[in-house]
Amino acid sequence: PSMLRRNFIQSASSILLCSQLSSPSSADVETSLAPHPSEPYIRQPSSKEKFSYIVTPPKSFVPGNKPLKTHLDEINFSSPDVKGYTVGVTVDPVRISSIRQFGTPEEVAARVVTAEVNRDGVFQVTLAKDPVEDKDAGGCYDIEYISEGKRGIKHFTTRIFVRDGFLYVLTVQLKENDIDKTKEKEIMDCVRSFKPLMIST
């Protein structure tokens, strides 16, 4: 159990913060992946990759992969109009069958906050809302937190699933000063659209 917990802390902290490490530049964009506005992006499984998910980024977001991958699979979407407004999805293998084996929403949120506040240049991290489990969405955890540091104040919204041996994490990042009612709705629509998909055997 201790090894699993250490693996989760390492995976979750890096997964939830992956979009903070580097935003995709125009050179990183793969136009072949670009969805039409409001259309979902579906990560299809392959013969070697037995995972799949669906997510609908906000309108006009452009996809691109980071030059250096730090997860089994990851993709970032970014707004061409609002600097630092990004959506990131990562997938990593885990040896557990339920997110509850990682802990309660509060316990997982506490680890995420601790991992973020220990990052270089981060001064303070606070939860924006109480972490919750969305049973209607398939038993995922939703965590929102605000990170204050040298690069300003950033708002993170995350949704975490464990399904069929994989950890799926969606992270939406936006500067706190850029949040308004329209973007709040965009973020929540994106978060609610994210879920792992069943794979036919």
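Tell me, what is the Rg over Rh of segment 48-201, with Rh the Kirkwood radius over Cα pairs? Walk me through the intermediate numbers first.
Details: Rg = 15.3 Å, Rh = 16.2 Å.
Expressed as Rg/Rh, it is 0.95.
Shape class for segment 139-201: prolate, because the ratio a/c of the largest to smallest gyration tensor axis (alpha-carbon atoms, square roots of eigenvalues) is 1.5 or more and a/b beats b/c.
Within the set 50/135; 50/129; 48/129, which residue pairs have Cα atoms separated by over 31 Å?
Values: 50/135 24 Å; 50/129 33 Å; 48/129 38 Å.
From 50/135; 50/129; 48/129, over 31 Å: 50/129; 48/129.
Note on segment 80-201: with charges restricted to the Cβ of Lys and Arg (+1) and Asp and Glu (-1), its dipole about the Cα centre is near 240 debye. Ignoring aspartates and glutamates fewer than eight residues from residue 59 along the same chain, the ones with Cα atoms less than 12 angstrom from its Cα are 39, 81, 186, 189. A full extension of the chain between residue 179 and residue 97 corresponds to an added length of 26.0 nm, given 0.36 nm per residue minus the alpha carbon distance. In this simple spin-label approximation, residue 48 and residue 118 carry label points 7 Å from Cα along the Cα→Cβ vector, and these lie 3.3 nm apart.
Per residue, the solvent-accessible area of segment 49-201 (1.4 Å probe, heavy atoms of protein chains only, all protein chains present) comes to 49 Å². Under 22 Å of direct C-alpha separation, and excluding same-chain neighbours fewer than eight residues apart, residue 150 reaches these lysines: 83, 175. Can you give the translational diffusion coefficient of segment 57-97 in µm²/s, computed by Stokes-Einstein from the Kirkwood radius over Cα pairs at 10 °C and 1.306 mPa s? Approximately 138 µm²/s, per Stokes-Einstein.
The values are calculated or read from the model by the stated rules, or taken from the named source; none is laboratory data. This structure is a prediction, so every number in the text was calculated from the model and none was measured. Ideal geometry is used to build each Cβ from the backbone, glycine not excepted, and the neighbour counts take in all protein chains shown. Ligands, DNA and RNA are excluded from the accessible area calculation, which covers all protein heavy atoms including side chains. Shrake-Rupley method; radii C 1.70, N 1.55, O 1.52, S 1.80 Å.
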